[in-house]
Amino acid sequence: MMSKIFVSGLANVETSCAVNQFPIEYQAVDYNFFGINSIASGVGLNVGLALTSLSDEVTFATFVGDDTAGESVLSVCKPISDLRIARCEQTPQSVVLYDKSGKRRVYTDLKNMQKIHLPDNLYTDLDAFDAFCLCNINFSRDLISKAKKTGKPILCDVHCLWDIHDEYNADFMKAADVLFLSNENIIGKEEGFVRKLIEIYPCRIIVVGMGSGGSLLYEREHDRFTMIPSVYTRPVVNTVGAGDALFSAFTHFYIQGATAVDSLRYATVFASYKIGESGASKGFLCEQKLQELISGLSS
């Protein structure tokens, strides 16, 4: 079953570099054979590609510069059925350092992304979509009220949240029917933090990604927490993009009508497989292969 999903978010070029350990000891030169790779990535692009791999009909709105990095982004975007590209001065870039355990340090250069707006003509047909994945980049903020008027589900990932009153993410949290976040800044306080969030924001579902510890799901309808454990599908190479994969697969199954619990279980397997490959925009299973993998894990 295919859903029509509008994704608005960042596209950039990501350079990943394997390191022996954190902290990194200083040395002038380190020969890192086959340990450095560059690929088009970015939360919006990752989500768009993951949903496309799962056979959803994706419309992806983003900014790309007239530069070499922009050419790289456009080449990787090709599988997405409907690209709505606005031009910017320079394409954003990021550098990801990661060790053998999957720990990472990300440096992101957004260029002028936080100061520009998508042209209105890129989103005049929002009533045609089944759901909206609005990534928490500033230019997605312009779509919030228009997407809300359609009555269709809005899904947002605010990543490393530590303040329930976070000014930057407040608009996204107010709009989201489904809200994802990481526990990186609230380790050991996840359930209490979610309780505080639901006092302020109207989200129907909240998912807290906890890395190898699994995911915590809250459903307002049942006032219920469910812990979904992590699974092992193949050796971990790089955990960057795991959250995007989890968010995308949950969106795919939930919009199709699966329960929130089942959607998160399927998404956990999808994300586990994804991190067996380096590069946040690679490693996505199609739905058939995912179902086969889930069946194998269950047997």
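The values are calculated or read from the model by the stated rules, or taken from the named source; none is laboratory data. If you're wondering where the values come from, they're calculated on a predicted model, not measured in any experiment. Glycine gets a Cβ as well: all are built from the backbone with ideal geometry, and neighbour counts include every protein chain shown. These accessible areas exclude ligands, DNA and RNA; they are computed on the full protein's heavy atoms, side chains included. Shrake-Rupley method; radii C 1.70, N 1.55, O 1.52, S 1.80 Å.
By the gyration tensor of its Cα atoms, with a ≥ b ≥ c the square roots of the eigenvalues, what is the shape of the range 218-280: rounded for a/c under 1.5, prolate for a/b over b/c, or oblate? Prolate, because a/c is 1.5 or more and a/b exceeds b/c. The mean accessible area for residues of the range 1-128, using a 1.4 Å probe and ignoring ligands and nucleic acids, is 53 Å² per residue. In percent, rounded to a whole number, the relative contact order of the range 221-299 is 35, using alpha-carbon pairs under 8 Å and six or more apart. Here, the range 79-213 is characterised by an Rg to Rh ratio of 0.98, where Rg is the alpha-carbon radius of gyration and Rh the Kirkwood radius. Protein heavy-atom surface of the chain, 1.4 angstrom probe: 51% of the accessible area is carbon and sulfur, with nucleic acids and ligands not counted. Highest average first, the peptides 144-155, 175-186 ordered by how many other beta carbon atoms sit within 10 Å of their residues are 175-186, 144-155. How much of the calculated P(r) for the range 1-152 lies past 26 Å, in percent of all Cα pairs? Taking all Cα-Cα pairs of the range 1-152, the fraction more than 26 Å apart is 33 percent. The residues of the range 159-256 expose on average 45 square angstrom of accessible surface per residue, using a 1.4 Å probe on protein heavy atoms. For the chain, give me the percentage of DSSP beta bridges that are antiparallel, rounded to the nearest 5 percent. DSSP beta bridges in the chain are roughly 40 percent antiparallel.
For 223, 157, the ranking by accessible surface with the largest value first comes to 223, 157, using a 1.4 Å probe. Quick check: from the Cα gyration tensor, does the range 41-111 come out rounded (a/c under 1.5), prolate or oblate? Since a/c reaches 1.5 but b/c is at least a/b, the shape of the range 41-111 is classed as oblate. Under the combined filter of DSSP loop state and at most 14 neighbouring Cβ atoms within 10 Å, the range 23-87 retains these GluC sites (Glu not before Pro): 25. For GluC sites (Glu not before Pro), the sites in the range 193-299 that DSSP calls loop and that have at most 10 other Cβ atoms within 10 Å are 221. Annotation: amide H-H contacts under 5 Å for residue 276 (H modelled 1.01 Å from N, sequence separation of 5 or more, or interchain): 237.
Farthest toward the positive end of the dipole of the range 17-130, out of 37, 119, 64, is the Cα of 37, where the dipole comes from beta carbon charges about the Cα centre. Projection of the Cα convex hull of the chain, averaged over all directions and equal to a quarter of that hull's surface, yields 15.8 nm². Electrostatic tally near residue 169: other residues with Cβ closer than 15 Å to its Cβ, Lys and Arg +1, Asp and Glu -1, net -3.
Once you have the Kirkwood Rh of the range 172-299 from its Cα pairs, apply Stokes-Einstein at 37 °C and 0.692 mPa s and quote D in µm²/s. Rounded, D is 220 µm²/s. Centroid-to-centroid, using Cα positions, the range 72-116 and the range 135-174 are 19 Å apart. Measuring r between the beta carbons of residue 28 and residue 212 and using R0 = 41 Å, the FRET efficiency lands at 0.75.
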